[in-house]
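Heads up: the structure comes next, in structure tokens.
The values are calculated or read from the model by the stated rules, or taken from the named source; none is laboratory data. Since the structure is predicted, the reported quantities are computational estimates derived from the model, not experimental observations. With ideal geometry, Cβ positions are generated from the backbone for all residues, glycine too; neighbour counts draw on all protein chains shown. The accessibility values were calculated without ligands, DNA or RNA, using every heavy atom of the protein model including side chains. Shrake-Rupley method; radii C 1.70, N 1.55, O 1.52, S 1.80 Å.
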Amino acid sequence: MRVLVVAEHDNQSLKAGVLNTIQAARKIASEVVVLVAGHEASSVAQAAAQVEGVSKVLHADAAQYAHALAENIANLVLSIAKEYTHILTPASTFGKNFLPRVAALLDVAQVSDVIQVVDADTFVRPIYAGNVLATVKATDAIKVLTIRTTGFDPVAATGGSAAIESLAAQADSGLASFVEQTLTKSSRPELGAAKIIVSGGRGMGSSENFAILEALADKLGAAIGASRAAVDAGYVPNDYQVGQTGKIVAPQLYIAVGISGAIQHLAGMKDSKVIVAINKDEEAPIFQVADYGLVADLFTAVPELTQALS
Amino acid sequence: MKILVAVKRVVDYNVKVRVKSDGSDVDIANVKMSMNPFDEIAVEEAIRLQEAGIATEIILVSLGVKACQDILRTGLAMGGDRAILVETDEEIQPLSAAKLLKAVVEKEQPKMVILGKQAIDDDANQTGQMLAALLGWGQATFASKVTVAGEQATVIREIDGGLETIAVKLPVVVTADLRLNEPRYVKLPNIMKAKKKPLDVLTPADLGVNLTKNLVTLKVQEPPVRKAGVKVADVQSLVDKLKNEAKVI
């Protein structure tokens, strides 16, 4: 058995979720090959070669891989797919975008959002917003999986010394082209990789009020998240959303502030190690999953918490 | 241009599903079923493109049991022109759904297919991408804004960390994210009118598609229940618990 992991990166560094995906790959087989497709991304290939447990790195470098367009990445993966028994990638917007194309053209199923590897054919994945866990057996010769990175611990980023081989690029599909990207600029950790997340809901009341969460987040070195209600109200950008259709997170500490706790939100954070809820409504469903609940007005409790941590 | 919109009948998003006692499947007998919320957004987007003079005809397609006609009628009441149900009682996995939709696309020749980015039952997030691949088309997934000019669509996509804009040649598959639009409410007179709109019923065999089950569900179970913890009296005791009991700060 041989596993191919398609690496997510920004042409400069590997995304943290790749380390968790490699962990999942190692639970399937000992031979793990990492594909880095990018443009002027040799630093990424070098980083991948140092990851613990990687057998080989394939590096395809061409302008058409600069922005991970699904059509081009899928064609590249297809050019080598038959050499592998399993093809894995993180279940991020990067992986979700291109991997189903690979599965369809191989005429095999994809198993999305794998949270547990039972054996080489059998995987556990959440359905119905995480309210049900399904154990599924993939019967195809090549198993195509996206990995929910919160389900696996990361492997060490160093300690390996895999060889880097270059892989011939496939022609640009010409179907799509990149125009621009606007990434939310922040000096705080990424939501997907943060150890602590401070998240705000409708109870925050306004965009300006998120400043009190920012002060708390800065004190804790935390990322900032939000419920759908807060995003819909325009308090914060879309990519802050934690939940069924937003980001799935599992930090060491998740502090939910002014979040009532709809099941769609819980789907995105209930695997956090410790959950704190601060809400003035003591009936709020968030308290049913919180390890520590504080029934209080967030506008006094949050600044007080920030102060207490100083 | 013609736009085809794929809509799925799913357990209503307000229903908390239960697992059957033998763990073989989820129990969806007698629960409320609705159109997948992301597919409603897809239908709305097609209607807006028609109102903007870009789409000429909107064809709604659903795959599954006879009762899928209900959601097709809902889509027709929103503003779809006609509907197709590919009827089967068999389970339809994403790969088979993509093959059925491909066959319908080849018959109808739309310039754009819009689907929800994922169905809220199996949360697979695959069908649109698979369909695009099987057709050899470009794709624009997780769309939050769609603009069509000439033979090209410019789409703003929701990605981890922000937004990305891509230009894709027509024909194209677009999958709708949450903030593409806010679907309209259906008005009663339109529900009456929708009853008269054409709704064709086909079978997978009519389309020459063999439904395969590449994935076998061995069992389903409820995840471990997270127990409610304790209420703390004030901020100071919260800090104390986090430092000394949970040891996370």
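Restricting to region B:214-240, what's the tally of residues that are closer than 30 Å to A:V144 by Cβ and within 7 Å of chain A (Cβ to nearest Cβ)?
In the first step, residues of region B:214-240 are kept if they are closer than 30 Å to A:V144 by Cβ; the result is B:214-224.
Adding the requirement that they be within 7 Å of chain A (Cβ to nearest Cβ) leaves B:214-223.
Residues meeting the conditions: 10.
Might you check whether a residue that is under 28 Å from A:A250 (Cα atoms) and either in contact with a helix residue (DSSP H, G or I) (Cβ under 7 Å, 6 or more places away or on another chain) or in a strand (DSSP E or B) (or both) occurs anywhere in region A:161-171?
The answer is no; no qualifying residue exists.
Going by the conditions given, is B:N210 in contact with a Lys or Arg (Cβ under 7 Å, 6 or more places away or on another chain), more than 10 Å from chain A (Cβ to nearest Cβ) and either modelled with pLDDT of 95 or more or within 27 Å of B:L95 (Cα to Cα) (or both)? If you could, list the steps in order and put the result at the bottom.
Working: in contact with a Lys or Arg (Cβ under 7 Å, 6 or more places away or on another chain): no; more than 10 Å from chain A (Cβ to nearest Cβ): yes; either modelled with pLDDT of 95 or more or within 27 Å of B:L95 (Cα to Cα) (or both): yes.
So B:N210 fails the test.
Is there any pair linking a residue in region A:75-90 that is of a type in the set (D, E) to one that is open to solvent by less than 10 Å² (accessible area, probe 1.4 Å), with Cβ under 9 Å and at least six apart or on different chains, and which?
Sorted first by the residue in region A:75-90, then by its partner, the pairs are A:E83/A:L4; A:E83/A:V33.
Can you run down the residue pairs with Cβ atoms below 8 Å, 6 or more apart or on separate chains, where the first is in region B:75-100 and farther than 19 Å from B:E40 by Cα and the partner is in a helix (DSSP H, G or I) and of a type in the set (A, V, I, L, M)?
B:I92/B:L100; B:L95/A:A103; B:L95/A:A104; B:L95/B:M130; B:K99/B:L134
Go through (1) over 30 Å from A:I224 (Cα atoms); (2) within 21 Å of the chain's Cα centre (by Cα); (3) outside any loop (DSSP other than H, G, I, E, B) one by one and return the number of the condition B:A167 breaks.
Among (1) over 30 Å from A:I224 (Cα atoms); (2) within 21 Å of the chain's Cα centre (by Cα); (3) outside any loop (DSSP other than H, G, I, E, B), the lone unmet condition for B:A167 is (2).
Give the residues of region B:111-146 that are farther than 24 Å from B:S34 by Cβ, surrounded by fewer than 24 Cβ atoms within 10 Å (Cβ to Cβ) and of a type outside the set (A, V, I, L, M), sorted by residue number.
B:K111, B:G136, B:W137, B:K145
With A:A141, A:A81 as the choices, which residue is more than 9 Å from chain B (Cβ to nearest Cβ), assigned to a loop (DSSP other than H, G, I, E, B) and either within 30 Å of A:S43 (Cα to Cα) or among the hydrophobic types (A, V, I, L, M, F, W, C) (or both)? So that I can check it myself, show each step before the final result.
Values: A:A81 fails: assigned to a loop (DSSP other than H, G, I, E, B).
The unique qualifying residue is A:A141.
Report yes if some residue within region A:205-221 is open to solvent by 60 Å² or more (accessible area, probe 1.4 Å), within 14 Å of chain B (Cβ to nearest Cβ), of a type outside the set (S, T, Y) and out of contact with any Asp or Glu (no Cβ under 6 Å at 6 or more places or on another chain); otherwise report no. Walk me through how you get there before you give the answer.
Going residue by residue through region A:205-221, those that are open to solvent by 60 Å² or more (accessible area, probe 1.4 Å) are A:208, A:214, A:218-219.
Filter once more, so that each one left must be within 14 Å of chain B (Cβ to nearest Cβ): A:218-219.
Add one more test, that the residue is of a type outside the set (S, T, Y), and what stays is A:218-219.
Now narrow it down to the ones that are out of contact with any Asp or Glu (no Cβ under 6 Å at 6 or more places or on another chain): A:218-219.
Yes - at least one qualifying residue is present in region A:205-221.
Of the conditions (1) among the charged types (D, E, K, R); (2) crowded, with 17+ Cβ neighbours inside 10 Å; (3) under 21 Å from the mean Cα position of the chain (by Cα), A:K273 fails just one. Which one is it?
(2)
Tell me whether region B:36-49 contains one or more residues that are surrounded by fewer than 21 Cβ atoms within 10 Å (Cβ to Cβ) and farther than 25 Å from B:Q126 by Cα.
no
Among the residues of region A:242-261, is any within 30 Å of A:A60 (Cβ to Cβ), crowded, with 24+ Cβ neighbours inside 10 Å and more than 9 Å from chain B (Cβ to nearest Cβ)?
Among the residues of region A:242-261, at least one is within 30 Å of A:A60 (Cβ to Cβ), crowded, with 24+ Cβ neighbours inside 10 Å and more than 9 Å from chain B (Cβ to nearest Cβ), which makes the answer yes.
Can you tell me which residue is farthest from A:L58 (Cα to Cα) among those in region A:98-116 that are part of a helix (DSSP H, G or I) and open to solvent by less than 10 Å² (accessible area, probe 1.4 Å)? Write out each step before concluding.
From region A:98-116, those part of a helix (DSSP H, G or I) are A:98-106; that's our starting set.
After this cut, where a residue has to be open to solvent by less than 10 Å² (accessible area, probe 1.4 Å) as well, the list is A:98-100, A:102-104.
Details: A:F98: 18, A:L99: 17, A:P100: 21, A:V102: 17, A:A103: 20, A:A104: 23 Å.
Restricting to residues being part of a helix (DSSP H, G or I) and open to solvent by less than 10 Å² (accessible area, probe 1.4 Å), the top hit is A:A104.
Step by step: first the residues of region A:154-204, then only those that are of a type outside the set (A, V, I, L, M) and in contact with a Ser or Thr (Cβ under 6 Å, 6 or more places away or on another chain), then the one that is farthest from the other protein chains (Cβ to nearest Cβ). Which residue is that?
A:G201
Go through (1) in contact (Cβ under 8 Å) with a residue 60 or more places away in the chain; (2) open to solvent by less than 30 Å² (accessible area, probe 1.4 Å); (3) farther than 22 Å from A:T158 by Cβ and name the single condition A:D61 misses.
Here A:D61 meets the rest and fails (2).
Given the conditions (1) under 25 Å from A:D119 (Cα atoms); (2) in contact with a strand residue (DSSP E or B) (Cβ under 9 Å, 6 or more places away or on another chain), report the number of the one that A:E71 does not fulfil.
For A:E71, the failing item is (1).
What strands (runs of 3 or more DSSP E) completely inside region A:238-304 contain at least 1 residues that are aromatic (F, W, Y)?
Counting at least 1 such residues, we get A:253-257, A:292-295.
Can you name the residue in region A:38-48 that is part of a helix (DSSP H, G or I) and open to solvent by less than 10 Å² (accessible area, probe 1.4 Å) and, of all such residues, is farthest from A:R2 (Cα to Cα)? Break it down stepwise before answering.
In the first step, residues of region A:38-48 are kept if they are part of a helix (DSSP H, G or I); the result is A:42-48.
Right, trim to open to solvent by less than 10 Å² (accessible area, probe 1.4 Å) and you get A:44-45, A:48.
Details: A:V44: 22, A:A45: 19, A:A48: 17 Å.
Top of the filtered list is A:V44.
For region B:1-43, how many residues are β-branched (V, I, T), modelled with pLDDT of 95 or more and assigned to a loop (DSSP other than H, G, I, E, B)? Even if it seems obvious, please write down each step before you answer.
Start the filter on region B:1-43 by keeping residues that are β-branched (V, I, T), which leaves B:3, B:5, B:7, B:10-11, B:15, B:17, B:19, B:26, B:28, B:31, B:41, B:43.
Right, trim to modelled with pLDDT of 95 or more and you get B:3, B:5, B:7, B:10-11, B:19, B:26, B:31, B:41, B:43.
Those left that are additionally assigned to a loop (DSSP other than H, G, I, E, B): B:7, B:31.
Residues that pass the stated criteria total 2.
Out of (1) among the hydrophobic types (A, V, I, L, M, F, W, C); (2) within 14 Å of chain A (Cβ to nearest Cβ); (3) within 30 Å of B:T147 (Cβ to Cβ); (4) touching a helix residue (DSSP H, G or I) at 6+ places or on another chain (Cβ under 7 Å), the odd one out for B:I41 is which?
Result: B:I41 passes all but (4).
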